[in-house]
Amino acid sequence: MDAIKDFFNFFADPRVFFLLTLTGFILMIWRRDVFTTPRVGYGLQVFLVLFFGLGLFDENFRLIVAKPDNVPIVGLVFLLLFFTWYSMRQAVLNDRRLDRGEPVEEKVEEDRVWVWPDLVYTELICLVLCSVVLIVWSIVLKAPLEQPANAAATPNPSKAPWYFLGLQEMLVYFDPWLAGVVLPTLIIVGLMAIPYIDTNPKGSGYYTFKERKAEISIFIFGFVVLWASLIVLGTFLRGPNWNFFGPFEYWDIHKLEALTNVNLSEYIWLQGVGVGLPSNWFVREFFGIVLLLLYIVALPVILARGVLKTYYEKLGPPRYCVGIFLFLMMLSLPMKMLARWLFNLKYIVAIPEFFFNI
Amino acid sequence: MTDDPTTPAAGTPVSKDAPVKPVTPAVPPNLGGKTTSAAVAPRRPAAAKKVADDTSPLLSRRHWLGLAWGSFTAASAAALAATGRFMFPNVLNEPPQQFKIGFPDEYVPGVDERWKVRYGVWIVRTPSDIVQEASGFYALISVCTHLGCTPNWLSAEVKFKCPCHGSGFRPTGVNFEGPAPRPLERARIVLAEDGQILVDKARKFQFELGQWADPESFLRS
Amino acid sequence: MADKKTVGHAYNIDFLNVVFAASSIFLFVSVLWMVWDDYDRGWKNYQRRFVQLEAEVTRVGLEAASANVDAVVLEQLRADRSTAEAELAIQEEQTVALEDELADIDAQLTLAVQRHNFAKATYDVNKYSFEVDREGDPESYTDQQVEIAAQYDEWLELGLEVERLTAERDGLRGQLAEIRRGVTGLDDQIDALTSETSRLEGRLVDLAPNFIEDYLLNAPLIDFLAPSLKVQQIITPNIFDELNFTRVPKIDRCTTCHLAIDREGYEEYPQPFTTHPNLDVYVGSASPHPLETTGCTVCHEGMPQSVSFRDASHTPSTEEQTHDWEDSYDWAESHLWDYPMLPRGMAEASCAKCHVEEVHIPEADVLNLSYGLYERAGCYACHKTTGFEGLRKPGPSLMKIKAKLTPEWVADWIRDPRRVKPTTWMPRVWYNSNTSSPEDVRRSEAEIDATVAYLFANSEDHEFAVPVPPRGDSAEGQAIVESVGCLGCHVAGDETRLGAGPRRTFGQALQNIGSKTTYEWVFDWVRNPQHYSELTYMPDLRLTDREAADVTAYLMTLGGGDPRAAEATYDQAFSDSVLLDYLRAIVPTAEANAMMAGMSSDERTLELGERVIGRYGCFSCHDIDGFEGAQPVGTELSEEGTKLLAQLDFSFLDIPHTKIDWFENKLHDPRVYDQNRVLQPLEKLRMPDYGFNSEEVQLLTTALMSFQRSVQPAAALMPGSARQDALRLGRALVRRRNCIACHQVENDGGDYRTLVADPSLAPPLLTPEGAKVKPDWLYAFFKGPITIRPWLDVRMPTFTLTDQHWNQVLDYFGAISNTIGEFRAHTIVSSRGGSVATGSELFDLLRCQQCHVLDEIPADQPTENLAPDLRMTPERLQADWIIDWLRDPQSIQPGTRMPAYWPDFPEAFYPQFDQDGEQQVRSIRDHLLTFSGGPRPVEPVVEAGDEP
């Protein structure tokens, strides 16, 4: 029993967890034909049910998962898995139909939409069932009434609401300016910009994967692998002092982890060149700035000439530039996380004089 | 739901290849739920007998729908009642309706204003009450019976005078001046277990209804 | 609608109907469940149960009340009433006629009153406008003036009419009342007899189950109209909950379940229906803490607004109760309220919230004992605590230790003090639970030796006043020690520390003193303590040298003790490494090494000693040379009761997660939280071990919980006054100088009485002293005590207090008797006055001299009956007080043997003054005031320029 728990505790380490979701994502896209079979679909759900159900027998697990604040996130895990599976399944089925030359499902009976009584009646039933679920939930899981807020006592851990847990996780790796302002703004701007960048006319009004491979992959990567899994990580696997704790691990507030981090400039100057840090910030951060510019300016150009040439031509320079910029910004998060995990890298560019760090 | 949407769902008639079922003239086909006029076919008895295309398990369609809408309505009514109940808080941070005001020998005959601000009552000690004809205490609620302002006690003129529209009340509470239609109300006043006077504004006594004869409207002492 | 046959369906509608029906039924059931879940509350069950209990109690009360009513008399009255009624019936015609007439007159009267009112109103208006009109022109408007006068007369006329009619009406009323008097009179008598029983019967009727009131009006959804089961709350106007940036009046809902808390008669019932103990001090409407203005949680803590057992943070007091509550109420520690309820017995910790900085609070026995312990143990010396500033250092001065002790003895002593003197308050600094490994023991030995070396190297010299003291007789000495009063502050025998209490262990324990120090030193000390230590609190017992020698001889026979031997040895290199650790904590290692290289081995030992004393804070309790300005080493405890649980480190201990458990474990073993941890020697906890037992631990925890951040506004606190200040300062002083170990004041103290056969052989009660003794005389007495009761062995020592202190004592006595600031006349009586002669007669008649000393101690009286020398009366006693005393001695000094000669005052048994007790007492007093020649304290003389 303990061996199994240790097993799961191991896999929940952020490094392993992230790798796992990434691998899962790649597998899902690559072998979507297998992923979207009902057997796999049911199988995954059953696995989750067993995992949560049996896990409830462990006290530490129960304390986290059965906390009224966290119960919706358990639901989120199931629902996210289901909807991802379902939409991929519809896409795969449609893709198969397209391969066979048939019209997609959504186009079969285009002149009719079944509203009365099918849609409306089922909506009514869903209304009733949702009400039942909410009422029963509110009776069984009561929101706790805590003591009056005390400025001298910060709760440990202090977790943001679930929709901000992704941000809170990002704050571990990024400077607050970036993680709290720049990146969220880019997320929103990026979502708004999608219709203007994405010129692919295919896939409008029906599920498909093969006609929108890049778009769907990028979105699922950004949403499920980055955003949603960080929420799950933040809910279940982060404990006091924002330390990592496995799902079956006791939340010891005294647990210590080695978290000393080093800036890129310190690596280069102190360890690489072997001299002290230059006092002038520009000289000091020169390498980091160069790296950054390469990433944001040079890399898109290189990609446009090379691997992404078709996209460059299809989208045209303005769209391409905006799109690649957003994409590279999105990728910066996993890359930064990797850099932190592998090299204890704190900031690529560290200019505390202006409160500017990347 | 099914994988293939072109398969007809249950309940619809079979395809043209199937043998045609003979249709008894007494049972006209159910066209989209429309019933025929009463002259054509006799009314079917309700209850257990199902319509021909009724594929409901156990009970008839009518039963199920009746049950469904019945319980839905009942649930909605209960929820509405619960919402209505919600509007009346179980407890309010208000001054209590019932309160002790000290011992009888702390009061001299006359109108005492010490609890007017805190609890909204005047305590009057009288040697002879107009209704009960005995000496003791009564508690007048300091709400003018005209439109609800708080009157002032004018000891020089021996009357309660409401500043809003000029209603005047005798020390007994009886209205004699101005627009007030009826005398001031008295609150329940009794002796508590420890000997203190207990005033209870939750129960009021109105003179015009003859309630000042009630023993709990006057504390004899 | 399209024909469904041709359109097709996504779903089987009949199946959906079933689904819809099922989910609607679920919806209905869940709504009902929701309503029920909201309605069903635990407190409602308690209130329902209480109705039954109340009925029971009322029934019992009714039985008792009925038993008090004389049934025969009641029967008779009832019979009489029936006859009276019958008689009344005969006169019915007459009564009816009278009533008709009365109604008539009433109508006329109402009309007349109306006319009277109108006339008054009109007159008032006209008069007012006349006054306004003629303001600038006093001569004009004379017509109006006449008119007004006429109106006034008219009004008077109408008034007369009203009076006439009123008189007529009253007359008729009187006649009716007269006729009815038979019945009404009897009614009154019956009511008088049965008032209590009818009230209780009415109550029983109210309490009887009633469908509408108990079930219908309390039903779910309908219970907003007029429920009988409702939440009870007390909102305290002056007591607040301190929230961030705001204060909210407390809302205590405890009485929702604790329904009989302020009602007598429920003492035997289980919680939550019990009556509060001590209703005349707490909760009762006549008590200083009435329920309506105090509430509950200001004393008991817990969550005030909650009405559920769990969330209110009830705290179980024993393990058994914990299990019981877990089973019956699903109880668990509340994590969501920072200040859980104080366990039973600790509620007095909250007294300090309003009785701010009071060392003695009357009736708060637990807290007073806690503070006594806290002060005697000297916690305040290392742990800064508000309210305990400026107190003496609890331990003896070590400045002249060379003259008193040997290094070997000191080493054995500080290694483990309680092995040498079991009742000592000195804690054990080494050989504790976190320093018991062999390595630690070696370190400890090095530290002990270094400390001893430091103390002796820095000790001053001391020359004894009598270099070769006489030898005394130890048997005599024992008699003296056991009778003159030493045992009031010192323990010499086998008592335990808690058994003797903080007062009788106020002075250092005398156990094993013979093996501790020399004859010369003890003689020097006993003869004059101030010679060795100027700041000592020990007073001068005015012993002769002979007596001092006897006492010394006796004390030197008290040998023994079982000191702990050193359990390790070490060499110079090792002690150097210990010193290096200390120095490295403050300077870089290289510098530390350099420092040490520059010191000889003796200097290194002394340096280590200094570091060790600095680390463990010995200087907090003892005066030590070189540490005069050093800061206390402990955590400040001024707000320990308000400290949040999250600020306490439970380390690896598996104990319940509450503040009280943390404190108790800490006090039992101060080093316990180092358990299982890997720590450098200088990182370890260093609070020494006092060897507290469970009672002491609980009392000290109460004291800790009482140290609060004061948040209550002034309106809630005790009103300040000169008298309150005098009481507060006086109570603190008599405790901090240990007066109350010998004397009882205000129902506290007088521990000395346990050491003598009869209370009359103990030092006298001081509660009435303010009204009794003249302040000037008392002041002179303090400065130079004389014998008031020559048969007593115990004597009042000479204390070295400043005049400010003596004034505090005098003010204190005055405040107790409420005579503070009163002007007292000096009564002088002429010995030739008539009353004096009668007084003398009575003096002989009542044989006062049988017990009272008058130059000679009366013979043939057991010592318990003897009384003070009456010759001192005019100088010593206050004239008015003597009268109060003679009249009723027991009320002034309960238990006194002074007889009460006037039990039925002012009636007297004796014939003088026509048996007028008042005059008799006065005459005796006058006679007493003519006495003279008694012992008198020397009037202290203050030269100009003297220090006070």
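Some notes on this structure:
- Any hit, the range C:334-342, residues being over 23 Å from C:LYS230 (Cα atoms), touching a helix residue (DSSP H, G or I) at 6+ places or on another chain (Cβ under 9 Å), among the charged types (D, E, K, R) and at the interface with another protein chain (Cβ under 10 Å from one of its Cβ atoms): yes
- Selection within the range C:641-680 - more than 13 Å from chain A (Cβ to nearest Cβ), part of a helix (DSSP H, G or I) and either modelled with pLDDT under 90 or loosely packed, with under 15 Cβ neighbours inside 10 Å (or both): none
- Pairs, first without any contact (Cβ under 8 Å) to a residue 40 or more places away in the chain and of a type in the set (Ser, Thr, Tyr) in the range C:889-900, second exposed (fewer than 15 other Cβ atoms within 10 Å of the Cβ) and not in a loop (DSSP other than H, G, I, E, B), C-beta under 9 Å, six or more apart: C:THR896/C:GLN890
- Considering C:THR557, C:THR552, the condition of being away from chain A (no Cβ under 14 Å), among the polar types (S, T, N, Q) and either within 23 Å of C:GLN680 (Cα to Cα) or crowded, with 17+ Cβ neighbours inside 10 Å (or both) is satisfied by C:THR552 alone.
- Complete set of residues in the range C:78-109 that are of a type in the set (Gly, Ala, Ser) and either surrounded by 13 or more Cβ atoms within 10 Å (Cβ to Cβ) or at positive phi (or both): C:ALA84
- Residue list for the range A:116-153, restricted to those being assigned to a loop (DSSP other than H, G, I, E, B) and at the interface with chain C (Cβ under 9 Å from one of its Cβ atoms): A:TRP116, A:PRO117, A:PRO144, A:LEU145, A:GLU146, A:GLN147, A:PRO148, A:ALA149, A:ASN150, A:ALA151, A:ALA152, A:ALA153
- Hey, B:PHE176 within 14 Å of chain C (Cβ to nearest Cβ), in contact with a Phe, Trp or Tyr (Cβ under 9 Å, 6 or more places away or on another chain), farther than 30 Å from C:GLY61 by Cα and outside any loop (DSSP other than H, G, I, E, B) or not: yes
- Scope the range C:719-738; condition hydrophobic (A, V, I, L, M, F, W, C), under 23 Å from C:ARG795 (Cβ atoms) and surrounded by fewer than 21 Cβ atoms within 10 Å (Cβ to Cβ); matching residues: C:LEU733
- Answer from A:GLY222, A:GLY205, A:GLY190 - the residue that is away from chain C (no Cβ under 14 Å) and within 23 Å of A:ARG15 (Cβ to Cβ): A:GLY222
- When restricted to residues that are over 23 Å from C:SER444 (Cβ atoms) and assigned to a helix (DSSP H, G or I), the range C:596-622 contains 1.
- Counting only helices (runs of 4 or more DSSP H) that fall entirely inside the range C:1-106 and contain at least 2 residues that are touching a residue at least 12 places away in the same chain (Cβ under 8 Å) and either facing another protein chain (nearest Cβ under 7 Å) or among the aliphatic types (A, V, I, L, M) (or both), the qualifying elements are C:42-68, C:71-90.
- Entirely in the range C:860-948, the helices (runs of 4 or more DSSP H) that have 1 or more residues that are of a type in the set (Val, Ile, Thr) and crowded, with 18+ Cβ neighbours inside 10 Å: C:873-876, C:879-887, C:889-892, C:917-928
- Test: residue in the range C:528-538 that is on the phi < 0 side of the Ramachandran plot and without any contact (Cβ under 8 Å) to a residue 12 or more places away in the chain: yes
- Members of the range C:287-303 found to be surrounded by fewer than 22 Cβ atoms within 10 Å (Cβ to Cβ) and more than 17 Å from the chain's Cα centre (by Cα), listed by number: C:GLU292, C:THR293, C:GLY302
- Residues in the range A:91-101 that are surrounded by fewer than 18 Cβ atoms within 10 Å (Cβ to Cβ) and assigned to a helix (DSSP H, G or I): A:LEU93, A:ARG96, A:ARG97, A:LEU98, A:ASP99, A:ARG100.
Yes/no matrix, rows are residues, columns are (1) within 11 Å of another protein chain (Cβ to nearest Cβ); (2) in a loop (DSSP other than H, G, I, E, B):
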site: C:ALA226; (1), (2): yes, yes
site: C:VAL248; (1), (2): yes, no
site: C:PRO277; (1), (2): no, yes
site: C:SER285; (1), (2): yes, yes
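- Single match in B:GLY148, B:GLY136 (criterion: under 26 Å from the mean Cα position of the chain (by Cα) and either surrounded by fewer than 20 Cβ atoms within 10 Å (Cβ to Cβ) or more than 15 Å from B:GLU177 (Cα to Cα) (or both)): B:GLY148
- For C:ASP330, the conditions (1) free of Cβ contacts under 8 Å to residues at least 60 places away in the same chain; (2) within 14 Å of chain A (Cβ to nearest Cβ); (3) within 29 Å of C:GLU639 (Cβ to Cβ) are fulfilled apart from (3).
- Filtering the range B:125-154 to residues that are within 17 Å of C:LYS120 (Cβ to Cβ) and not in a strand (DSSP E or B) leaves nothing.
- Subset tally (residues that are part of a helix (DSSP H, G or I), within 14 Å of another protein chain (Cβ to nearest Cβ) and over 19 Å from C:LYS250 (Cβ atoms)) for the range C:292-327: 0
- Considering the range C:681-705, and only residues there that are under 26 Å from the mean Cα position of the chain (by Cα) and crowded, with 21+ Cβ neighbours inside 10 Å, the residue that is nearest to C:PHE663 (Cα to Cα) turns out to be C:THR701.
- Search result, residues across the range C:235-258 that are touching a residue at least 60 places away in the same chain (Cβ under 8 Å), buried (at least 20 other Cβ atoms within 10 Å of the Cβ) and within 26 Å of the chain's Cα centre (by Cα): C:THR236, C:ILE239
The values are calculated or read from the model by the stated rules, or taken from the named source; none is laboratory data. Just so you know, these numbers come straight off a predicted model, no measurement behind them. For neighbour counting, all protein chains shown are included, and Cβ atoms are generated from backbone atoms with ideal geometry for every residue, glycine included.
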